[in-house]
Amino acid sequence: MSDFFKELEEDIREERIFSLWHKYGSYLIGLALVIVIGTSAYVLWQHMKHKAQTRRQVSFSQALELLKQGKKEDALKAFHELAEEGGGYGKLAQLYEASLLPQPDALYTEISKKNAADPALSKLPKILMAARSLDKPEVLTLLEPLTAPNNAWAPLSLELLALADLKRGDSVNAAKLYIRILKEASLTPDEKLRAGLMLSQLDVPPSFWEEEISLEAQP
């Protein structure tokens, strides 16, 4: 008798499973397909992403090699094509492209605006642009916001402004800027060395140093 009930229980269970499968089987198959297709698509995407990244890396290296060989026009074309693709290597390529242009200000400005949220790419183009245009006041004014204390870009920005002053013959103001550089918390050893050497070579009146000493003595 117990065998009969056992068989009956198994039949009911099978019938219930069959009923559930008949009712929800298509959904389960669909879900399984979604999982399989989704997993395959992700793996394929990862593969293609890695492949594209590798290709960009090779293209960037080839462009650099062209530049080392003195093939400026070919390098410029290669950097431009890579910049059009975007991505990390594309952004680097765009900076190289700008450096090879006879008038790069427009491209540097574009790079800075397009990467406004990036602390490096929004500010570095301004530095590079100013380094090539020390005689253009409108370009140098872009550096002023970067000279704020405790700013990683302050030493280099101040250094460029000091060079611009020296180019105009204003050694006193240049000396003030070099002193500001030496007080920067984010100063690198190389920046400290350059600022110290430049300051030691400036021809400024003795009254300048007397004024600086008195300012230092103030609480």
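Overview of values
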{"read-out": "Segment 162-190, subset surrounded by fewer than 15 Cβ atoms within 10 Å (Cβ to Cβ) and among the basic types (Lys, Arg), residue farthest from residue 203 (Cα to Cα)", "value": "183"}
{"read-out": "Residue in segment 146-161 that is of a type outside the set (Ser, Thr, Tyr), surrounded by fewer than 19 Cβ atoms within 10 Å (Cβ to Cβ) and either in contact with a Gly (Cβ under 9 Å, 6 or more places away or on another chain) or modelled with pLDDT of 90 or more (or both) present", "value": "no"}
{"read-out": "Residue ID - nearest to residue 88 (Cα to Cα), chosen from residues in segment 118-145 that are small (Gly, Ala, Ser) and open to solvent by less than 50 Å² (accessible area, probe 1.4 Å)", "value": "120"}
{"read-out": "Of all residues making up segment 77-117, the number that are open to solvent by 60 Å² or more (accessible area, probe 1.4 Å) and in contact with an Asp or Glu (Cβ under 7 Å, 6 or more places away or on another chain)", "value": "1"}
{"read-out": "Among (1) modelled with pLDDT of 90 or more; (2) over 22 Å from the mean Cα position of the chain (by Cα), the one test that residue 185 misses", "value": "(1)"}
{"read-out": "Residue match in segment 46-69 (condition: modelled with pLDDT of 85 or more, exposed (fewer than 10 other Cβ atoms within 10 Å of the Cβ) and within 27 Å of residue 139 (Cα to Cα))", "value": "no"}
{"read-out": "Test result for residue 110, assigned to a helix (DSSP H, G or I) and modelled with pLDDT of 90 or more", "value": "yes"}
{"read-out": "Matching residues, segment 84-107, being within 19 Å of residue 132 (Cβ to Cβ) and part of a helix (DSSP H, G or I)", "value": "92, 93, 94, 95, 96, 97, 98, 99, 100, 105, 106, 107"}
{"read-out": "Residues that are part of a loop (DSSP other than H, G, I, E, B) and either of a type in the set (Ser, Thr, Tyr) or surrounded by 14 or more Cβ atoms within 10 Å (Cβ to Cβ) (or both), drawn from segment 191-207", "value": "202, 204"}
{"read-out": "Condition broken by residue 186, with the remaining ones in (1) more than 22 Å from residue 120 (Cα to Cα); (2) hydroxyl-bearing (Ser, Thr, Tyr); (3) not in a helix (DSSP H, G or I) satisfied", "value": "(1)"}
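The values are calculated or read from the model by the stated rules, or taken from the named source; none is laboratory data. Just so it is clear, the structure is predicted and the values come from calculations on it, not from any experiment. Methodologically, a virtual Cβ is constructed for each residue, glycine included, from the backbone with ideal geometry; neighbour enumeration extends over all protein chains shown. Surface areas here come from the heavy atoms of the whole protein model, side chains and all, with no ligands, DNA or RNA. Shrake-Rupley method; radii C 1.70, N 1.55, O 1.52, S 1.80 Å.
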